[in-house]
Amino acid sequence: MSTLIGQALIVIGLLFVATGVYSVLVYKEFYSRVVITAKVDTVGFITIMFGLIVLEGFSFVSAKLLLILVFEMLTSPVSTHAIAHSAYTSGYRIERESDGQLTQEAQE
Amino acid sequence: MVSKIAWYGRFMALMVAVWVVFSENFSLQTILIGAVASVVALVLTNRLILKSDYAALYHVRFVPALWYAVRLVVAIYVAGFQALARMLSGKINVGIVDITTELEDPFAVSLLANSITLTPGTVTLVQSGSSLRVIWLDCTTNDPEIAGPIVKGPFERLLQAALR
């Protein structure tokens with residue numbers, strides 16, 4: 001049973017990652033891509049790790065996986081922030097049309 | 001003083017637990033080595049790296065912090081499914097909004113910024129004092145008063161409880 005749940009979680013995680021990758025290719029605006037990549041990092045990665053922990057059961061390996069998950073949750077937002085912050089300070093801005101839809105970046 | 005000793009005790013227990021997991025060996029010898037290593041690490045960090053005392057700088061309450069982590073994972077999933085639906089339907093409306101927080105401690109503000117970035121749909125751009133500039137996937141308003149509670153969710157209140 002735990003094997004089935006673990007594998008199901010890994011598949012769900014991979015689906016999240018696949019959707020993220022698809023969206024990164026579809027959306028052209030820089031900040032949309034940053035936010036979507038942050039999603040791939042968090043939801044996809046956490047689900048895959050939970051799947052691996054369930055597959056492994058109660059052991060030292062699953063405890064290590066949990067520690068990896070904690071370290072990832074602490075460091076991943078920092079890297080996302082660094083990329084977004086450097087783009088913002090470099091002058092990338094969001095432009096809008098009158099109907100509120102995104103059109104293009106301020107600096108191509 | 002008692003609470004300080006209790007804080008160091010709990011923190012040492014956490015470090016020993018991490019040491020045991022890394023060693024993959026639950027024995028008295030491993031626990032003792034872990035305890036000695038954690039004391040050495042705490043003393044060296046206190047004396048050489050930190051400007052103030054460890055317990056004073058990182059006054060984390062363990063049970064509320066654990067509850068905070070659980071709520072964070074739940075929030076990540078709720079926001080994840082919402083962002084997924086939005087991305088697939090093409091209804092994304094990215095905007096940059098300024099929010100302010102009642103948290104004053106830089107450590108707490110950093111944790112709040114980290115949590116906001118972890119929830120899919122928002123990424124912290126700039127942090128200056130108690131104000132944060134955030135990219136928001138579903139930007140419905142630019143008013144900091146209205147956007148603040150939506151972006152921050154329950155995290156600000158939970159952090160106040162965990163870091164009191």
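The values are calculated or read from the model by the stated rules, or taken from the named source; none is laboratory data. In this text, all values refer to a predicted model and were calculated from it rather than measured experimentally. Cβ coordinates were reconstructed from backbone atoms using ideal geometry, including for glycine residues, and neighbour counts include every protein chain displayed. Heavy atoms of the whole protein, side chains included, go into the accessibility calculation; ligands, DNA and RNA do not. Shrake-Rupley method; radii C 1.70, N 1.55, O 1.52, S 1.80 Å.
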key: Counted residues, the range A:1-29 - those being in a helix (DSSP H, G or I), buried (at least 18 other Cβ atoms within 10 Å of the Cβ) and within 9 Å of another protein chain (Cβ to nearest Cβ)   = 4
ask   = For the range B:145-156, which residues satisfy the criterion of being in contact (Cβ under 8 Å) with a residue 24 or more places away in the chain and of a type in the set (D, E, K, R)?
value = B:Lys152, B:Glu156
remark   = With the first residue restricted to the range B:129-144 and required to be without any contact (Cβ under 8 Å) to a residue 40 or more places away in the chain, and the second required to be in a loop (DSSP other than H, G, I, E, B) and open to solvent by less than 50 Å² (accessible area, probe 1.4 Å), Cβ contacts under 6 Å at 6 or more apart or on different chains are B:Ser130/B:Thr101
key: Extreme residue, least open to solvent (accessible area, probe 1.4 Å), among residues of the range B:89-114 that are facing another protein chain (nearest Cβ under 8 Å) and part of a helix (DSSP H, G or I)   = B:Ala113
task = Any residue in the range A:69-88 that's at the interface with chain B (Cβ under 9 Å from one of its Cβ atoms) and under 18 Å from A:Ile48 (Cα atoms): show its pairings with residues that are of a type in the set (A, V, I, L, M, F, W, C) and surrounded by fewer than 18 Cβ atoms within 10 Å (Cβ to Cβ) at Cβ separation under 9 Å, as long as the two are six or more apart or on different chains.
result = A:Val70/B:Ala69; A:Met73/B:Ala69; A:Met73/B:Val73
inquiry  = Kindly evaluate B:Glu145 against the criterion of being under 17 Å from the mean Cα position of the chain (by Cα) and open to solvent by 50 Å² or more (accessible area, probe 1.4 Å).
reply    = no
key: Of the criteria (1) more than 10 Å from chain A (Cβ to nearest Cβ); (2) over 15 Å from the mean Cα position of the chain (by Cα); (3) open to solvent by less than 30 Å² (accessible area, probe 1.4 Å), which one B:Ala162 fails   = (2)
